[in-house]
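FYI, it's all coordinate maths here, none of it is from the lab. Note that the structure is predicted; figures quoted are calculated from it, not measured. Cβ coordinates were reconstructed from backbone atoms using ideal geometry, including for glycine residues, and neighbour counts include every protein chain displayed.
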């Protein structure tokens, strides 16, 4: 198929940036979206132009590096996939496709479609862990029983890949799905209980410092999340936060 | 220099404990004055950085990705082995050790493997304490599954995302130390050289991938944890950025490179679909617990399937050839990866491949749907369930176990694997070879260590499933943090290492000149042009089977391609900006050297062992034929051109295990 691409080009963080049109031809429907971008970039390099910078690494939907806003949706029109898992069969011959970076005040653009998501790391630094040293003397893994339901729910929350689609999708650029998922994983497990109060207070505090917006429960994040992280996690974080606030 | 593996004396089962009791330690107050650089933040690098920081060392961590959480360990799916014997099925430290040595086709170092098996149980305890949500059964205990090449269930898992959860565990341990200032994290940075001062590794030269700035970083020791080199094949299941650069740079500065030809071609990957393909996707080996592998018995059926006139589900049991069950009745679909891959290639080479390219076999879950469905019907007290009901109940169980993998398959192939068998074909997945290390995990450069997939130590010529995660975390959490202390105990009075020295000047100059050369070359072909060509040579001549003639040709072709690369490569943009093409050019340049050494290593190893299959050396029924005189590790010393590398042999002695023909029949 032949396509017109409207792509955000921005030299660096200080550049104003603009949309630029490109044409690609003979795109197979079996290609992944990023393979289509590879074709475009090889074309640009061959004609002496600068290729489009975009983040990507594992190309199997788990590292969370790829981050394109395609036709107004984080990771494009398909559901339950990252940009790298999106395939060209979702598009038609002659389509015009708009490609932008994930936009949020807390995710400044580095170049073209590459954004800086280190705010997510800093939120994790503030409490996204259990304080346990490596020793070789921790208790046996089966010493504490954990119900299958709790373990499964914790796993569902822990499935978050930290891509930032939730933030890019939210009209308020809220990171509450991301933070809620991490808070939930630990809140559901006995190992997370000891530090539960400090964890939720510190992570929410850091989230606010980074300039992420608030949650107004539109649920758009849940729909666009490539890993199907549920809104329940935001509710659970709010409960944990309330509990922690009362405890002080 | 003679190779000294520094394996401690004494009985195998006491070696590690006795050794730990005797080595030098650094007192906690002195650790504050010692810096350690860790390159890479996967399971090995992440766990090492966190543990070293917990112990009190000042750690500097480097990752080329935008966050440590994105290292490619995250993509490991199936699970992690540990000799816990929770299932009571006869597992033990010795059995894990035995399986690993046998699985590696008797080409790994006994003492290292035994230590790995010994600490494996600690890993599970540690990860559970960190809040890693492993799968559990209804009683609240940890669940296990089986992997290839073993007869017990010792694999712990978190759905099909075990690597992700373990890496997030190590990442969380890192985060705690980053918050305390004990780890200084350098994201979007790439190590481009090691700096050796007075014969010791004392720092690295790194490039900031956002600004292009070249930076000097000093430390008392340097740990390479940068993963494997599977991307030398262009197409592999590795991440796009996975590279050999860190390992190759230390090799060029004096670290021997061991067994480069030992590569794992994983049997269950999604087949390639066209020339535009940028990478391959793995379908976890755990699927072979429940999936049966087959091709049609008759060539007419193959033809009809390829033409779309026949569906695989139309074929009766009698018309199918479950070739693994036929050839290897004892292990069936759970033979080790090298064996399963070669068997698939054998069938496809004979013309039985089931897709248009002729390079695919079926992985079929119908029998599992039936088996699990019948069991569920009994549990749920459903009398006389219809076949549809049984299938539906069975599919629910399979979905709970592997749902994300089935979804991944459907998104890529556009076929529903619940309704029609998956198509799979072998692909490059892991490299057992790597930087040579001694028992302390130290390379032949004093103070330079290599851990995880970046080293060569534990898997011999073939790695068993769910053992990569085990080795990465064993090295990072439980081995390196002890052994590095023995070396660093001499450095408590050294003080901060200055970066303002002739050695750092020289290393930085070399790095800058190379970058400037690449940028200013303004040739005619893109970096990918060369990478694809290299990949084709590697796959055709150094792939699943190799022979003398092909390997000799590969050495010449790679050498010529490298020359062409340096003359005609085109790198757009400048050196002082975010420039992915420039970063990639450096990595491909290193692959072009490694590839040649790889072919040379494969040529010299005149035997078949594990993932290294030489057509000249096979048994009458086509199995790998080991040769007694090759019972050694090949450690290569850099001497300019890769083809001039000098071979050093580390003889392998097996005192606790009988070396036998490796049979899975």
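Details
- Rounded to 0.05, the FRET efficiency of the residue B:396 and residue B:615 pair, given R0 = 45 Å and the Cβ-Cβ distance, is 0.50.
- Relative contact order [Cα under 8 Å, 6+ residues apart], region B:299-445, whole percent: 21
- Compared with the direct C-alpha span, the chain from residue B:208 to residue B:649 gains 155.0 nm at full extension, assuming 0.36 nm per residue.
- From least to most packed, judged by other beta carbons within 10 angstrom and beginning with the fewest, B:288, B:399 follow the order B:399, B:288.
- Modelled label reach - residue B:549, point 7 Å along Cα→Cβ, region B:597-639 residues with backbone N closer than 14 Å: B:615-616
- Once the convex hull of all Cα atoms in region B:128-232 is built, its volume per residue stands at 198 Å³.
- Each Cα pair under 8 Å and six or more residues apart adds its sequence gap; the mean of these over the residue count of chain A is a relative contact order of 20 percent.
- Debye intensity ratio in log₁₀ form over the Cα atoms of region A:3-111, taken at each q of 0.18 Å⁻¹: -0.92
- Calculated over region A:122-164, the projected area of the Cα convex hull averaged across directions stands at 4.5 nm².
- Approximating the spin labels as points 7 Å out from Cα along Cα→Cβ, the residue A:208-to-residue B:383 distance works out to 6.3 nm.
- Taking 0.36 nm per residue of separation and subtracting the current Cα-Cα distance, fully stretching the chain between residue A:148 and residue A:223 would add 24.4 nm.
- With a simple spin-label model that places each label point 7 Å from the Cα along the Cα-to-Cβ direction, the separation between residue B:420 and residue A:89 comes to 0.9 nm.
- Cα-Cα P(r), the protein assembly as shown, percent of pairs per 10 Å interval: 2, 12, 23, 27, 22, 11, 2, 0, 0
- Packing-based exposure ordering (other Cβ within 10 Å, fewest first) of B:539, B:248: B:539, B:248
- Cut-off 20 Å (backbone N to label point 7 Å along Cα→Cβ of residue B:87), residues of region B:448-473: B:463-471
- Measuring r between the beta carbons of residue B:604 and residue B:525 and using R0 = 30 Å, the FRET efficiency lands at 0.45.
- Projected onto planes of every orientation and averaged, the convex hull of the alpha-carbon atoms in region B:267-428 covers 10.0 nm².
- Per-residue mean of C-beta atoms belonging to partner chains within 10 Å, peptide B:168-175: 6
- Computed E for residue A:103/residue B:517 - FRET, C-beta separation, R0 30 angstrom, nearest 0.05: 0.20
- Region B:27-110, relative contact order in percent, only Cα pairs under 8 angstrom and at least six apart counted: 23
- Residue list for region B:462-505, given a label point 7 angstrom along the Cα-to-Cβ vector of residue B:24 and an amide N cut-off under 20 Å: B:479-498
- Segment residue B:566-residue B:498, extension gain: residue separation times 0.36 nm, minus the distance between their alpha carbons: 21.1 nm
- Alpha carbon centroid spacing (whole Å) that separates region B:1-39 from region A:68-103: 51
- Ranking of A:8, B:636 by count of other Cβ atoms within 10 Å, fewest first: A:8, B:636
- Helix-only CD estimate at 222 nm, as mean residue ellipticity for chain B, using -39500 (n - 2.57) per DSSP H run (n ≥ 4): -12000 deg cm²/dmol
- Region B:170-246 and region B:615-665: distance between their alpha carbon centers, rounded to Å: 31
- For the pair residue A:11 and residue B:32, label points projected 7 Å from Cα toward Cβ lie 4.7 nm apart.
- Extent along principal axes [Cα atoms of chain B; Å; largest to smallest]: 79, 58, 49
- Exercise: per-residue mean of other protein chain Cβ atoms within 10 Å, B:115-127: 3
- Centroid-to-centroid, using Cα positions, region A:170-248 and region B:577-595 are 40 Å apart.
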